[in-house]
Amino acid sequence: MPFPEAEAAMESRVSGILDGRAPECIWLLEHPSLYTAGTSAEEHELLDARLPVFRTGRGGHFTWHGPGQRVIYVMLDIGRRGISIHEFIRSLEEWGIAALAEFGLAAFRREGHVGVWARPRPGAPEAKIAAIGVRVRRGVTFHGMALNVSPDLAEFSGIIPCGISDRGVTSMADCGLPASIPDVNDALRRTCPWRD
């Protein structure tokens, strides 16, 4: 799905949740190859604007979206649920870690950085496998998490991903897990912390 259409759909759904016209929603999708810039993105982090670049109101820096990546947009009324934004972000990280554990991958958090991390091979440096960037409007979240399943990791070379220059990015395929997007969808559904 093109990013502008997805962003417009999220805006509409969040407005509907706030007005009581629409239920909460967790949306699994895939974008064509593009970069998005969050509210903390700095111009020097865009190394090569060879792909379309979309400025967005989510938190975070630059990231890439495209084929082989499962994008998870979460539109949840955390205000009504009594969940703080910090708790919500921790829940997204825990969800990514739990879903990856379904495939035998021991993913983890990295102190001082939002997201989900993994080691592609024993002894290899840690690398980000899932990026998180969220926005909250009057207690309702949107945007969410992007999990690298089997993307072309070279696409990340046009940016400093998430503003972190001393660590790379990885994927499930890079970690030796040839999972399909439908397999990942099933794992995300099983491990979702908001199944009600």
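The values are calculated or read from the model by the stated rules, or taken from the named source; none is laboratory data. Just so we're clear, the structure is a prediction, and the values are computed from it rather than from any experiment. We place every Cβ from the backbone using ideal geometry, glycine too, and count neighbours over all the protein chains shown. Surface areas here come from the heavy atoms of the whole protein model, side chains and all, with no ligands, DNA or RNA. Shrake-Rupley method; radii C 1.70, N 1.55, O 1.52, S 1.80 Å.
Go through the residues of segment 135-142 one by one and say whether even a single one is under 22 Å from Ala41 (Cβ atoms), aromatic (Phe, Trp, Tyr), in contact with a helix residue (DSSP H, G or I) (Cβ under 6 Å, 6 or more places away or on another chain) and at pLDDT 95 or above.
Step one: filter segment 135-142 for residues under 22 Å from Ala41 (Cβ atoms), giving 135-137, 141-142.
Restricting the remaining residues to those that are aromatic (Phe, Trp, Tyr) gives 142.
With the extra rule that they be in contact with a helix residue (DSSP H, G or I) (Cβ under 6 Å, 6 or more places away or on another chain), the set shrinks to 142.
Cutting the leftovers down to at pLDDT 95 or above gives us 142.
Yes - at least one qualifying residue is present in segment 135-142.
Looking at Pro120, is it within 15 Å of Gly66 (Cα to Cα) and open to solvent by less than 60 Å² (accessible area, probe 1.4 Å)? Full working, then the answer.
On the way: within 15 Å of Gly66 (Cα to Cα): no; open to solvent by less than 60 Å² (accessible area, probe 1.4 Å): yes.
Spelling it out, it is not the case that Pro120 is within 15 Å of Gly66 (Cα to Cα) and open to solvent by less than 60 Å² (accessible area, probe 1.4 Å).
Looking at the structure I just gave you, is Ala107 modelled with pLDDT of 95 or more and surrounded by fewer than 24 Cβ atoms within 10 Å (Cβ to Cβ)? Give the steps one after another, and end with the answer.
Working: modelled with pLDDT of 95 or more: yes; surrounded by fewer than 24 Cβ atoms within 10 Å (Cβ to Cβ): no.
No.
Just checking, which of Ala22, Ala9 is free of Cβ contacts under 8 Å to residues at least 40 places away in the same chain and surrounded by 15 or more Cβ atoms within 10 Å (Cβ to Cβ)?
Values: Ala22 fails: surrounded by 15 or more Cβ atoms within 10 Å (Cβ to Cβ).
The unique qualifying residue is Ala9.
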